[in-house]
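Peer 1: Next up is a structure, given as structure tokens.
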Amino acid sequence: MLYQFREAQRAVLTPVSSWAEAMSQVYSNPYSPYAYTPFAPRVAAGFELLHRLGKEYEKPQWGLNSTTIDGHEVSVIERIEVSKPFCRLIKFERLMPRALSNRPADPTVLVFAPLSGHHATLLRDTVRALLPNHEVYVTDWLDARTVPLSHGAFHLHDYVAYAIEFIRHLGPDVHLISVCQPTVPVLAAVSIMASLDDPKQPRTMTMMGGPIDTRESPTEVNNLATDKPFTWFERTVIYRVPGKYPGAGRRVYPGFLQHAGFVAMNPDRHAESHWDFYMNLVRGDDEDAESHRKFYDEYNAVLDMPAEYYLDTIRIVFQEHRLPTGTWTLPIDGREMKVNPADIRKVALFCIEGELDDISGVGQTSAALGLCSGLPENMKQHLIAEGAGHYGIFSGRRWRDIICPRIGEFIRSNN
């Protein structure tokens, strides 16, 4: 009933939010006489804050329409390369002008976006920084409430199967970048391909802030997953999609619950951010106010995850640690195969961690270096980004100035 209650709440808040947006314009639009009354900036700011707290946040647009290559502005278009029931593989195609026709081909990069509550557009800054020097593909996961029941369930092993299919589609010269949660299924996919001696194994895999072994430097997120029994998650956080959506009846972990969990991790910081937004509006600091809008337009836009996938992740990754303990098997091509990273011998590995990461602690991602014991040391790299939190390793100044150039060097040295 919680999902239905949430929908009822949305039905109430939507008109209130729309009214607050209109009232904000009444007290801020220069053509309105009310904009020149005493305290108009404070009233307008209060109404806009109310509007943003009550509105429904839809999936944002990528907004990556151009990039700059060798001093030339190049148009970029989104193209669906592969369409699956739960995911679309998107290519950001660069329309090269004639002046760049003789430029050497750039490496192909496949970015695996997390399926953990937010949309793939959370990696907008990641893609933007990669575009000038790479052909970029991204996994764009669909909201489970939009996927009809006729498409069946989606488990963690299905994520691995999708990863293998996408790698084979772009391989063998593709370079993988997995951000946070997908480090586990991507390492499993490459391990399976190595065990099969697949001719389309990727060139490299870069793993960023992921839960390869959550026994290392456990965080609050890890503790939540281990403090509760598995049955608690089945009973408490799994709900069925209401009838108004295409995926009606599908069991999901609702995005609004995941969002509430994210906010609960740092409630004081979010409250302070909203207060600063209000004061920026009052002072007329449009630049900082717009920065707040952009961040929360992305942060508040969430999607539902398939229940089977979410529960598999809780059990296999956080509670039973099957990947680092060597006890994970997957149904591949009609047979059970063991996930054995030691079989990887041709795919160079780069592990990146944030010094201040409060979601995947230091040591969790770099555990992959030890698991890939078949790789020579000169094919392994490790970076701890000083001063970077979880989002800082794939977005923001440190990502653009330090981490992305290091990944580019790593890719080209193994291309």
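The values are calculated or read from the model by the stated rules, or taken from the named source; none is laboratory data. A quick note: this is a predicted structure, and the numbers were derived from the prediction, not measured. Don't worry about glycine lacking a Cβ; one is built from the backbone with ideal geometry, like all the others, and counts go over all protein chains shown.
Peer 1: Are any residues in segment 36-60 part of a loop (DSSP other than H, G, I, E, B), over 23 Å from Thr146 (Cα atoms) and among the hydroxyl-bearing types (Ser, Thr, Tyr), and if so, which ones?
Peer 2: Listed by number, the list holds a single entry, Thr37.
Peer 1: Kindly indicate which of Glu377, Glu355, Glu386, Glu336 is under 20 Å from the mean Cα position of the chain (by Cα) and among the charged types (D, E, K, R). Before the answer, list the steps.
Peer 2: Numbers: Glu377 fails: under 20 Å from the mean Cα position of the chain (by Cα); Glu386 fails: under 20 Å from the mean Cα position of the chain (by Cα); Glu336 fails: under 20 Å from the mean Cα position of the chain (by Cα).
After ruling out the rest, the residue left standing is Glu355.
Peer 1: Only residues in segment 39-52 that are over 20 Å from Tyr296 (Cβ atoms) count as the first member; pair them with residues that are in a helix (DSSP H, G or I) and hydroxyl-bearing (Ser, Thr, Tyr), Cβ under 8 angstrom, at least 6 apart or cross-chain, and list the lot.
Peer 2: Ala40/Tyr34
Peer 1: So, in segment 276-306, of the ones that are among the aliphatic types (A, V, I, L, M) and over 24 Å from Phe154 (Cβ atoms), which residue ends up surrounded by the most Cβ atoms within 10 Å (Cβ to Cβ)?
Peer 2: So in segment 276-306, the residues among the aliphatic types (A, V, I, L, M) come out as 279, 281-282, 289, 301-303, 305.
So of that shortlist, the ones also over 24 Å from Phe154 (Cβ atoms) come out as 279, 281-282, 289.
Working: Met279: 14, Leu281: 23, Val282: 16, Ala289: 20.
This residue is Leu281.
Peer 1: Restricting segment 394-412 to residues that are of a type outside the set (D, E, K, R) and either modelled with pLDDT under 95 or not in a helix (DSSP H, G or I) (or both), which is surrounded by the fewest Cβ atoms within 10 Å (Cβ to Cβ)? Step through it out loud before you land on a result.
Peer 2: Start the filter on segment 394-412 by keeping residues that are of a type outside the set (D, E, K, R), which leaves 394-396, 399, 402-405, 407-408, 410-411.
This time we only want the ones that are either modelled with pLDDT under 95 or not in a helix (DSSP H, G or I) (or both), so: 394-396.
Values: Phe394: 27, Ser395: 22, Gly396: 14.
Checking each candidate, the answer is Gly396.
Peer 1: Got a number for residues in segment 328-346 being more than 26 Å from Leu224 (Cβ to Cβ) and surrounded by 24 or more Cβ atoms within 10 Å (Cβ to Cβ)?
Peer 2: Qualifying residue count for the region: 2.
Peer 1: For segment 350-369, state whether one or more residues are under 30 Å from Glu21 (Cβ atoms), loosely packed, with under 15 Cβ neighbours inside 10 Å and in contact (Cβ under 8 Å) with a residue 40 or more places away in the chain. Steps first, answer last, please.
Peer 2: Here is the first cut: in segment 350-369, the ones under 30 Å from Glu21 (Cβ atoms) are none.
No, that holds for no residue.
Peer 1: Based on what the data block shows, is Thr226 part of a helix (DSSP H, G or I), hydroxyl-bearing (Ser, Thr, Tyr) and in contact (Cβ under 8 Å) with a residue 24 or more places away in the chain?
Peer 2: The answer is yes for Thr226.
Peer 1: Would you check which residues across segment 76-132 are touching a Cys at 6+ places or on another chain (Cβ under 7 Å) and either of a type in the set (D, E, K, R) or at positive phi (or both) and list them?
Peer 2: Passing the criteria: none in range.
Peer 1: On to the next question. Can you tell me how many residues in segment 258-282 are without any contact (Cβ under 8 Å) to a residue 40 or more places away in the chain and touching a strand residue (DSSP E or B) at 6+ places or on another chain (Cβ under 9 Å)?
Peer 2: Of the residues in segment 258-282, 0 are without any contact (Cβ under 8 Å) to a residue 40 or more places away in the chain and touching a strand residue (DSSP E or B) at 6+ places or on another chain (Cβ under 9 Å).
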